[in-house]
Every structure is written in structure tokens, then in C-alpha cells.
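Visitor: What follows is a single structure, and I will ask about it in a moment.
What follows draws every value from the coordinates through simple rules; no lab data is involved. Just so we're clear, the structure is a prediction, and the values are computed from it rather than from any experiment. Methodologically, a virtual Cβ is constructed for each residue, glycine included, from the backbone with ideal geometry; neighbour enumeration extends over all protein chains shown.
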Amino acid sequence: MTAEATEAFPVRAADQTSVLAAGKPEKKESSSWLVRSLVLIIAVAWTVPTAGLLISSLRTEASVSSTGWWTVFAHPFEFTQYTLGNYERVLTAEGLFDAFLNSLIVTIPATVIPITLAAFAAYGFAWTKFRGRSFLFAMVVGLLVIPLQMSLVPLLRVYGSLDLVGSFVGVWLAHTGFGLPLAIYLLYNYISQLPKDIFESAYIDGATPFTAFTRLVLPLSFPALASFAIFQFLWVWNDLLVSLVFLGTNPDVAVLTARVSQLIGSRGAAWHLLTAGAFISMVIPLIVFLSLQRFFVRGLLAGSVKG
Amino acid sequence: LSEALEPRAQKKTNLPAVLRDVLIAVGVFILIWLALRLLRSETALAGLGPFVGKLVQALVAVVVGVVGIWALFIVVNSLVEHLPARTTAALRPFVFVLPAIAVVSLYLVFPAVGTIIQSFTEVPEGEGFLYNYIQAFSDPKLQLALRNNAIWLVLAPAGALLIGLTFAALVDRIKREALAKIFIFLPLCISGAGAAVIWRFVYEWRPPGTPQIGVLNAVVTAFGGEPIPWLQEIPTNTLALIVVMIWLQAGFAMVILSAAIKGVPTEMIEAARIDGAGELQTFLRVVIPSIRGSMITVFTTIAIAVLKVFDIVYVTTNGNFDTDVIANRMFNEMFRFRTFGFATALSVILFLAVVPIMVINVRNLRRQGIGT
């Protein structure tokens, strides 16, 4: 991979390695107690809200509503105070298992479709010649400025007349449309930097542009594809607005975020259920985040241009 | 744009192959259409029972979405490749580019134009074309939303920037740097809706005298204070919601600024030290000026996210108790009140607010030699 290609993303210094890893190889002198305690205070403050959620989701209804979750630390290893009952209840009776599957049904195609379209388009813009190429590319990048709210009312009307409201295809395409400008912009930056020679030799060997794309461009662009895929996956999974507008809250199709926000309305005081429900909605992003940190950070840095 | 390359292979029209490809293309379309019908049908999967039926539905949906898009590309490309060489060369770029152009046109270009037009035309009979905008700036509820957005716009990016910068600077000096960073970074992968539940629980209020189950009021009462209804009391509630945004976004600021701090040349810092500058002075006079570009990136990026903030407000207060913001107002105008004229005007206002910040962001990235 060429140096230019890896530098195609914004914020170069951050892009080279895992940003979460310590950067400087030289030894660090032992820091002052002041620095260490400040770090500790901020880290604890940032963790307490989530910890409270997780612990409460494992406690019984009676104890959640009568005592603070921090009281478990009086006897943290007394396992009889913990229960998985809340999870069982929200997954079945409150229908979050279906919502979980709906989230997967929405998110996986809503990640793969835009990334496929964007990779083809980025390749077309970078390595084929046609009239209007620079105009179309400028238009696509310019669309980054448009907040998706600008599209909602007209789209909702069209969807209504085509009976697309509440259909998965409708929401896949909506997420595709909203995600494409960023995807094309990022992938173009990467794909246009691939060395020219590889295409020349492929064509001499009789490859068509299509095979050059699938055999060369896609594998070589893996880092850029992975970064955008993770960015888009998390964006779609965590989205509430688009899914409320185009899918709604009908339990057959509603995604996790929509169901969790509905739970607040119907069971606003049932913290044992709300905490379990919210945690279920966070599990997949947490797994993705912890296992694919490096790509996640790159996607995040790259995504800073989205309007 | 990089120079385009074309393969030089010669070929003639292969009629049987073209016919075959057309048939396959039609077949793929029909298959996708049938599968989509199956997904929407109430009865087709009912025989499988609720659990298995749902799993089958999920599997079919994912396969249709993922395989379908590839099948379409492969078939259309094969069709184009079997046409006469000159036609192929002329059509080929569009096989790659046109699907994406079509989707962004249908989902962004036309609707955005439609929104702008409707914001002027969808007015009550007898009113002027600026009615929605005049209303937006004179209706007290909408004014409130605009005012709140202004408060968010100042405090949320500044707060996230300050915490992110402080943490990035501090963590640069400790040994378990990577571990410490994860704690600040983690909220970034949490949805606005999830964060709203987390913080509603933090802000939970119980009457004085009863045990508090929200951690914040537990702290307040432990110090002898009265429990505060954080999400109901004006203007504390707007600040409480901004804290949620800062909590979500500080990790983003921290990652970018930490990378920028590490990029400051060591010689510059050492030179400052030799000149007798202390730790804090070196940081303020040398490090901060050299990471200015990254700080602008962080601020503008979070500012744009803040202008469009919806889910945090929608799930915590839904704009009640004077906490409304434009994006939430727009959603409610559209969904609850069906006042589409207002909704479109609000989204145009949102767009106009985003543009200048976006311009600053792009110019700043260009100045750093990054971006297109």
C-alpha cells in the first residue's frame, strides 16, 4: 500500500496506528499524583452512568425501586441479589428479541448496500472516463452538507403513496441515500490513490474493469471499506430518527432504539426493565467497538466531515 | 481526478450471451421482488410459529439485501460487457456510477429541493409565502427551540472540547494511557436513545426523605441538599441534557486531540522548556497553538451534531419543560401535528445553520492540507 493511500483520511497523525494505544515509545517518568487522580476522577465520572445501568439491569424490581444500585457494593459477591429475570422479561414479554432481530435486518443490508454502491461509484469516478464526471462527483461531495432532515417530509409523502412506510426495503434505501455521499467521498479518496500500474497490468492480462474492481480494488481498499462499514453499521444501529419516520413503532418492524424509547413512555418508572432494555440495545455496538477499535477510530475520524 | 484507463480488448456483439444476460437480469429482479413481497406478507411465514418465522424472516431479509445488490451489479455488468466494444466502453462508467447517483438524487437532491419549495408553498390559504418562516421566528415555542439550540451550540462543543483536551493532555503523562482512554471513549458507541435512558436514571428524582435511586440526587442529599428534579427544573434541565451530549462526544474530542498533541514536535516543547517555561505555560503557549486546526475540527464537527440533536431530547423530555430543540420540534410538527409546512421550514433553518459551520470545517481541513 502506498503512503498516499493510507493518508487519504483526515487527521493523518491519528490514522497511522491505533489511536487508543499510547503513542510515544520513550519511557514516561512516573507522573504526579495530581495528574493521576485527575485522570482517575474523569474516568470514573464517565463510567458511573453506564455502570449504574448495567448493575440495575441485574437487580430485582423491588431492590431497584427502593435502594440505589451502588448499595450492591456493600456485598458485591453475594450473587443471590442478581437476577437475569429482567432480561428474560424484556426479551419476551416486551418484545425486544424481535426488535433485536429487526435491528439486524435493518442494519446489515443498510451497511452493505451503501458500501457496495459507493465502492462501485468511487471506482467509476476515479478510474473511468465519461462526460460530466467532475460535475457529478462535485455534486455528490456537496451533498455532505445536507442534513437528512431536509429529505424527510417529501420522502415520507412518496413512501406513503408507494406503501413503503414500514417496509425494510424502504429503510435500507433511506439509510443508503443518507450514507452514500460520505461513503463515496471516503472511498474515492482511497481508491483514487491506488497505483496506476496495477490496472495497466490487469488490463494487459485481459481483465475487464469489473474484474479489476472485484479482484484488485476491493481487496486493496480493505482498510477504507472496513472503516466506513463500521461507521455506517454503528450509525444505523444507533439511529432513532430515520427508523421512527420510515419504519415506525409497530412491533413487527420496530428496531431496538425505537422500542426502547417506547418503553420509556409505557414503563417510565420500571427501571429494572428500562435498564435491561437499554443494555440490550448497547450490546452489539459495544462488541463491535471493543473488537474493532482500530477501524472504529479511523471511521470516526473520517466521519468528521459529515453534515 | 486520476487519469482513466481502458482495456484494449476487441470484441463483437455476442447475441446469445446478451439474451441470456437479459433473461438472468429479469429473473434476478423477479426473485428480489418476490422475496420482498414475502417479507411484507403477514401470512407467508405465520405457519412457522413466531420465533422461527421471525428468524427466517431475518435471514431472508439480510440475504435479499446483501446478495441482491451484488446480483444486480454483476448481471448488469455482464450484459454491458457483451454489447459491441464501443457501446460497452461508453456505457461501462455508468454501470459503476449511475446506481449511486440515482439513489442520492432520489433521497437527497430531489427531496431537498422539494423541502425548500414546500416551505414556501405549504401555507394556510390567504397567507404569504413567508408564513412558515415568520411563524418559526415569532411562535414562542419555536423561538424557545431556536434559543435552546443556540445554548447547545455554545456549551456542548465547548464542554466536550474542554474535557477531551484536558483528558488528552493528562493521559499523555500516565503509564496506562490506552486503558484510561477507553473509559472516555466508550460512550461514543452508545446511541442517543441508550444514553437518554442511562442519564434519565442518573437524574432520577425521588421525594425528599425517601432513598434516592438516581446517583446524582443521592450525592446531593448525601451532602445535605434537597433532591433536584434535574429534568423538570428550568433552566437546569437544558444544561442536564447538554451534559449527556458532552458525555457522548468527549471521547471523539479526546481521540483527535490526543493524536494532535502527540504530533507536536518534541523539539518545540524542549525549546520552550529550555527557555524556562513551566509545564502549564508550555501547554498553553506551545501545544495549544500548534493543535489549533484539530481543535477547530473537533468543535465544528460536534457543533454540527449538536444542531441536529434529536434522540437525546426526544427520549428524555420530548421537548417539555422548555427543553425543545429544532430537530425535535421538526419531528413533532411532522409526526404529531402533521404541520408539514412548519416542518419543512424548520429543516431549511437547520440546513442554513449547518452550512456556515460546514464551510469553516472544510476550509480548516484544507488549510491543514487534508481533504479534497
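Visitor: Tell me, what is the FRET efficiency for residue B:38 and residue B:17 to the nearest 0.05, using R0 = 35 angstrom and their Cβ-Cβ distance as r?
Guide: Efficiency at R0 = 35 Å is approximately 0.65.
Visitor: Specify which residue in the list A:285, B:144, A:244 is farthest towards the positive end of the charge dipole of the protein assembly as shown, using unit charges on the beta carbon of Lys, Arg (+1) and Asp, Glu (-1), about the Cα centre.
Guide: A:285
Visitor: On to the next question. Rounded to the nearest 10 degrees, what's the angle between the helix A:33-57 long axis and the longest principal axis of chain A, both from Cα atoms, 0 to 90?
Guide: 80 degrees
Visitor: Relative to the longest principal Cα axis of chain A, at what angle does helix A:293-302 sit, 0 to 90 degrees, rounded to 10?
Guide: Rounded to the nearest ten degrees, it is 60.
Visitor: Dividing the Cα convex hull volume of segment B:169-279 by residue count, how many Å³ per residue is that?
Guide: Cα convex hull per residue, to the nearest whole number: 163 Å³.
Visitor: Which Cα, out of A:58, B:343, B:19, lies furthest along the positive dipole direction of the protein assembly as shown (beta carbon charges, K/R +1, D/E -1)?
Guide: In the protein assembly as shown, that residue is B:19.
Visitor: Moving on to the next point. Averaged over peptide A:69-79, how many Cβ atoms belonging to another chain are found within 10 Å of each residue's Cβ?
Guide: Across the residues of A:69-79, the mean count of other-chain Cβ atoms within 10 Å is 1.
Visitor: How large is log10 I(q)/I(0) at q = 0.11, 0.13, 0.21 Å⁻¹ when the Debye formula is applied to the Cα atoms of segment B:41-182, each weighted equally and without solvent?
Guide: Each listed q corresponds, in turn, to -1.02, -0.98, -1.25.
Visitor: A further question on this structure: When the Kirkwood hydrodynamic radius is evaluated over all pairs of different C-alpha atoms of segment B:160-201, what value in angstrom, to one decimal, is obtained?
Guide: 11.6 Å
Visitor: Within segment B:221-329, report the GluC sites (Glu not before Pro) that DSSP leaves as loop and that have at most 16 other Cβ atoms within 10 Å.
Guide: B:233
Visitor: Rank these for me by crowding, B:347, A:201, going from fewest to most other beta carbons within 10 Å.
Guide: A:201, B:347
Visitor: As a test of the definition: which semi-axes, in Å, follow for the protein assembly as shown when you take the square root of five times each eigenvalue of its alpha carbon gyration tensor? Largest first, please.
Guide: Square roots of five times the eigenvalues give 42, 33, 26 Å.
Visitor: Any idea what the alpha-carbon Rg over 2.2 N^0.38 Å comes to for segment B:218-372?
Guide: Dividing the Cα radius of gyration by 2.2 N^0.38 Å gives 1.41.
Visitor: Regarding chain B, what whole-number volume in Å³ per residue does the convex hull of its Cα atoms give?
Guide: 275 Å³
Visitor: Sticking with this structure for a sec: Dividing the convex hull volume of the Cα atoms of chain A by its residue count, what figure in Å³ per residue is obtained?
Guide: Residue-normalised Cα hull volume stands at 192 Å³.
Visitor: Let me ask something additional. How do B:335, A:233 line up, fewest other C-beta atoms within 10 Å first?
Guide: Listed from fewest to most nearby Cβ atoms, that is B:335, A:233.
Visitor: Report P(r) for segment A:155-298: all Cα-Cα distances, bin width 10 Å, range 0 to the bin holding the largest distance, values in whole percent.
Guide: In whole percents, the pair-distance histogram is 10, 27, 27, 21, 10, 3, 1.
Visitor: At most 12 other Cβ atoms within 10 Å and a DSSP loop assignment: could you name the GluC sites (Glu not before Pro) in segment A:71-129 that fit?
Guide: A:78
Visitor: Moving to a separate point now. When Cβ neighbours within 10 Å are restricted to other protein chains, what is their mean count per residue of peptide B:211-222?
Guide: Averaged over the peptide's residues, the number is 3.
Visitor: Using the Cα centre as the reference, give the magnitude of the dipole from point charges on the C-beta atoms of chain B (Lys, Arg: +1; Asp, Glu: -1; all else neutral), rounded to the nearest 20 debye.
Guide: With Lys and Arg at +1 and Asp and Glu at -1, about 1040 debye.
Visitor: Quick check for me: using +1 on Lys/Arg Cβ and -1 on Asp/Glu Cβ, what's the dipole size of the protein assembly as shown about its Cα centre, in debye to the nearest 20?
Guide: That gives the protein assembly as shown a dipole magnitude of about 1100 debye.
Visitor: Which of A:167, A:281 has the fewest other C-beta atoms within 10 Å, and how do the rest follow up to the most?
Guide: Least crowded to most crowded, the residues run A:167, A:281.
Visitor: Just checking the output field for A:37-46: average partner chain Cβ neighbours within 10 Å of each residue's Cβ?
Guide: 6
Visitor: List every DSSP H helix in chain B whose Cα atoms extend 20 Å or more along the helix's own long axis and whose mean Kyte-Doolittle hydropathy is at least 0.0.
Guide: Passing helices, by number: B:15-40, B:50-81, B:85-104, B:140-171, B:236-263, B:292-307, B:340-367.
Visitor: Using Cα centres only, tell me the gap between segment B:296-315 and segment B:167-206 in whole Å.
Guide: 17 Å
Visitor: Which value, in debye to the nearest 20, gives the size of the charge dipole of chain A about its Cα centre, when Lys and Arg are +1 and Asp and Glu are -1 at the Cβ?
Guide: That gives chain A a dipole magnitude of about 560 debye.
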